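The structure appears right after this line, and notes come after that.
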Amino acid sequence: MSRSVLQPSQQKLAEKLTILNDRGVGMLTRLYNIKKVRTGRRGRGGGGGPGQGRRDAPRPNAESRRLSCWLAGRPGAERSHFPAPSGQIRPARRGACGDPKAKPSYLIDKNLESAVKFIVRKFPAVETRNNNQQLAQLQKEKSEILKNLALYYFTFVDVMEFKDHVCELLNTIDVCQVFFDITVNFDLTKNYLDLIITYTTLMILLSRIEERKAIIGLYNYAHEMTHGASDREYPRLGQMIVDYENPLKKMMEEFVPHSKSLSDALISLQMVYPRRNLSADQWRNAQLLSLISAPIGFILCHGILNTDATALNLWKLALQSSSCLSLFRDEVFHIHKAAEDLFVNIRGYNKRINDIRECKEAAVSHAGSMHRERRKFLRSALKELATVLSDQPGLLGPKALFVFMALSFARDEIIWLLRHADNMPKKSADDFIDKHIAELIFYMEELRAHVRKYGPVMQRYYVQYLSGFDAVVLNELVQNLSVCPEDESIIMSSFVNTMTSLSVKQVEDGEVFDFRGMRLDWFRLQAYTSVSKASLSLSDHRELGKMMNTIIFHTKMVDSLVEMLVETSDLSIFWYVVIFFKSEFEIFIMQSFYSRAFEKMFQQCLELPSQSRYSIAFPLLCTHFMSCTHELCPEERHHIGDRSLSLCNMFLDEMAKQARNLITDICTEQCTLSDQLLPKHCAKTISQAVNKKSKKQTGKKGEPEREKPGVESMRKNRLVVTNLDKLHTALSELCFSINYVPNMVVWEHTFTPREYLTSHLEIRFTKSIVGMTMYNQATQEIAKPSELLTSKLVVENVDVLTQMRTSFDKPDQMAALFKRLSSVDSVLKRMTIIGVILSFRSLAQEALRDVLSYHIPFLVSSIEDFKDHIPRETDMKVAMNVYELSSAAGLPCEIDPALVVALSSQKSENISPEEEYKIACLLMVFVAVSLPTLASNVMSQYSPAIEGHCNNIHCLAKAINQIAAALFTIHKGSIEDRLKEFLALASSSLLKIGQETDKTTTRNRESVYLLLDMIVQESPFLTMDLLESCFPYVLLRNAYHAVYKQSVTSSA
């Protein structure tokens, strides 16, 4: 290669590593989805759109240029121009992954089965011209095959082109003799290792797609039949598929020329990787960095295992800590078996095979317990850290590294458990079942919340750190460089100037910081100064590299906190992945093991009372899931988003149900305790006392003495807990979880946890009310208040009541007429029951009004204002519409629209309207003249403590007012006049009992007097002045005084 080609600035190593790593993740996402679609239940494939089988010319497009400018951190920056034509990376095509309409049906069609088998058997050299008989069935389908398999075929072509670009870049790195050390040129080394792992994973995942040969072969056959020649990429693509049947073996050969660079990068992990694999007791000295799993890397350059003790120790350490590695999402790689299968065919590797077997035994025996202790340690460590930071958030600045270390360690341990729980031969199953995993996730979420909440605090700290310390130290290091070429000097000076210009005022003004350009420039500078014979060699100035790595971390604390949280604590691995399989008759849903494990962990969390307070961690994890999507596979975004929403909804719903059930159980327990105080339960206690007094021996010897009510409240020590205590504790823990966050956003949808609980309580309360209203399942009706008025009691007494209506000022005649009335008690009982039902309904409406006023205050206030300003002359139909609206909002109305509707349905066709109006008037007369009989009832006593009568006759006030308003609205009478008539009759009747001398008749006279005051207070149509004209107020005052005095006497 010419000297000009070796110029590091022309090779753009940093740009290519960045683009290829991102592209590699996108390609992994597409292959993963193809594999999941192909291995799942298949439906009839739909057709792709026009042009899906064509390939675009390999030239940079607008998307490529945007990506390039983004990498530069400055729009249109010259340094970020896309690589020259020799190193072009064509944007990957989209659409092959996860699309229900893109799944081919040809592989399961029985008519095409023999043709598909023939193509697979002869792959890649399929003779299409001489095998017309075997392939004849495909002739009719060639256009459909070409259209429907294009997305799959060109995804495999994209993999091949990605491989070409990677191989070209690795060769360039080898030619440039790039120096790698994770502690010096962190970004360069990390991106280099990430690219190798991504590339290796991609080729392994490709080899796991069982029907890749059939897809590629079918497409090429259709192409040849249509265009008369094979696709131009087919020969290379077919050969690649064959070469990578055993991907690791092929890549071991492929990486022979790259072993020097790869081994140097891996060995530089010796200061990092071992510290992440210490026991829990030694973990306080660990580092944050989370890189790759060493086993795969050393397999690709296995020769160094025989020559370098450090490499061998690193490799063994990795093999001892894990039994399987994550390839991508839930795809795992069993490293011990793969390594042993590869080394068994290499001469002189018996010792390495023994090492593998020993490490496997160690992993099986000790890894589970070691990781269990780590998780136990992390739970306490994260709890302590979260508690301290919640009290002193200012510590987030200087202790940010500890926060991200803690998140990284916890994330790695959770992922390790998920990966191994179903993929490791277990000697102790308990090591792989962690019932406290929710607690660890909860404290991770709490730390993440602290970082998001106090981001400005961290920004303020690190802006001052960058401008006041980092800039000064870096400037001194640059000034002390013996050699510093002009380009490197310009870049370093720009770093110092950028940091020096920072100020706290920028944070206070809410300015958006963006150091991506600076970080990319440092990445480029690492590439320039890490090649062989560089004018400024970073390997000779390690302090400069370490200082810049620290500065880069500080810049991320200012502008990339969210990205850092994703990098160190993303747990989207819990979701991989939901794909919909659609056919003419049904839809199948497939999800991975981790998603099912996620739901199982949640159920275990709810079942364990000590862990239920951490259950909110599971809905919060649903906010992570969208971070696993990639722009090169947009189709899966909707599937993952929908599933994220359904999972979050399910978790919150289950939490609310659990809380509702606990509340119900507490109510049941309280009822049980209350029932113990019923008089019937004291009979046995009285009997025992009497027998003990008379020295009679009853019952069997040794019979335990019955516990008295209230014994559960007698505690000998704090360790004694009752069932009610346990229920209250469980409820408080769950309510803590439900109220932990006011809301959460999942895929642009906002969830409010406490609303779930409110909804379930409302439904449960409604069911209780329905149960008390005697709901009839057959007729789907409840007992209506109007049904209690359907008797003919008024009709039976119509003549007497008519005379009493006009004789209320004649006491002697009224007394004689009253004796002729029948069913007086029945009328009062029915009216009391109606009053109880209406009062209960009023309480329910009041609760509804409170809830609606909290949720929709402006709408409720508008409805209330509308109701309060109805003119008296308004047509009744219009007024009733307003009342219906108001009643639906829980507002009390002068006329109850529901009662009007119910009473209207009771009209009889055999009675004229005039007669019905007369009966309605006489009903009010009947009730008014019957009130004095209540005074003789011992249960009619008024209780000031409950502000009501013991037999609920205080509910008559509501019944009388609402029934009168409803009846005379229906019959178009004057409500006010009829209630005045009622008040006159009732006052006259009650004044009469004031002259009675029989103590039995006047037993609760004062308590019944209070009914008049209650009726007037409840009525919007009556006034106290009107009452004063009918019934002396001094009697009411004396009545109140008497009942309160009697109450005090009874209590004493």
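The values are calculated or read from the model by the stated rules, or taken from the named source; none is laboratory data. Keep in mind it's a predicted model, so treat the numbers as computed, not measured. Note that each Cβ is placed from the backbone with ideal geometry, even for glycine, and that neighbours are counted across all protein chains shown. Ligands, DNA and RNA are stripped out before the accessible areas are found, and what is left, the full protein with its side chains, is counted by its heavy atoms. Shrake-Rupley method; radii C 1.70, N 1.55, O 1.52, S 1.80 Å.
If the viscosity is 0.890 mPa s and the temperature 25 °C, what Stokes-Einstein diffusion coefficient in µm²/s follows for the stretch 798-1050 when Rh is the Kirkwood radius over Cα pairs? All intermediate terms of the calculation are to be shown ahead of the outcome.
Details: Rh = 19.5 Å.
For the chosen part, D equals 126 µm²/s.
For the stretch 798-1050, with only Lys/Arg (+1) and Asp/Glu (-1) charged at the beta-carbon, what is the dipole magnitude about the Cα centre, in debye rounded to 20?
Values: 23 positive and 29 negative charges, 168 e Å.
I would put it at about 800 debye.
So which of Lys35/Lys147; Lys12/Lys249; Lys680/Lys708; Lys122/Lys250; Lys190/Lys337; Lys260/Lys533 end up more than 24 Å apart, counting from Cα to Cα?
Lys12/Lys249; Lys190/Lys337
For the stretch 798-1050, the carbon plus sulfur part of the accessible surface works out to 54%, probe radius 1.4 Å. Taking all protein chains together and rolling a 1.4 Å probe, Cys671 ends up with roughly 80 Å² accessible. Lys453 contributes an accessible area of around 140 Å² to the protein surface, as traced by a 1.4 Å probe with all chains present.
Between Thr672 and Leu848, what FRET efficiency follows from the Cβ-Cβ distance if R0 is 30 Å, with the result rounded to 0.05?
Numbers: r = 30 Å, r/R0 = 0.99.
For R0 = 30 Å, the calculated efficiency reads 0.50.
Computed from phi, the 3J(HN,Hα) profile of the stretch 733-741 under the Karplus parametrisation 6.51, -1.76, 1.60 (θ = phi - 60°) reads 5, 5, 5, 4, 5, 5, 9, 5, 10 Hz, with x in place of Gly and Pro. Suppose R0 equals 51 Å. What FRET efficiency, 1/(1 + (r/R0)^6) with r the Cβ-Cβ distance, do Arg121 and Asp509 give to the nearest 0.05? Here the calculated transfer efficiency is 0.15. Extension gain for the segment Phe402 to Leu719, taken as residue separation times 0.36 nm less the Cα-Cα distance, is 110.3 nm to one decimal.
Extension gain for Val745 to Leu608 (0.36 nm times residue separation, less C-alpha to C-alpha distance): 46.6 nm. For Val746, the residues whose amide H sits under 5 Å from its own are Phe751, ignoring neighbours fewer than 5 places away on the same chain, with H placed 1.01 Å from N.
Pairs over the 32 Å Cα-Cα cut-off, from the set Lys163/Lys376; Lys829/Lys1045; Lys453/Lys546: Lys163/Lys376. Each residue of the stretch 514-526 was assigned a 3J(HN,Hα) from its phi angle through the Karplus expression (A = 6.51, B = -1.76, C = 1.60, θ = phi - 60°), giving 8, 9, 4, x, 5, 5, 5, 5, 5, 4, 4, 5, 4 Hz with x at Gly and Pro. Suppose each label sits 7 Å from its Cα in the direction of the beta carbon; what would the Val798-Cys950 distance come out to in nanometres? In this crude spin-label approximation the distance works out to 4.0 nm. Rounded to 0.05, the FRET efficiency of the Ser114 and Val272 pair, given R0 = 60 Å and the Cβ-Cβ distance, is 0.60. Extension gain for Phe866 to Thr766 (0.36 nm times residue separation, less C-alpha to C-alpha distance): 33.2 nm. Taking θ as phi - 60° and the Karplus parameters 6.51, -1.76 and 1.60, the scalar couplings of the stretch 188-195 work out to 5, 5, 4, 5, 5, 5, 4, 5 Hz in sequence order, x denoting glycine and proline.
The protection proxy used here, the mean number of other Cβ atoms lying within 10 Å of each residue, ranks peptides 895-901, 1040-1046, 853-859, 600-606 as follows, highest first: 895-901, 600-606, 1040-1046, 853-859. Projecting label points 7 angstrom from Cα along Cα→Cβ for Tyr1044 and Ile833 puts them 3.6 nm apart.
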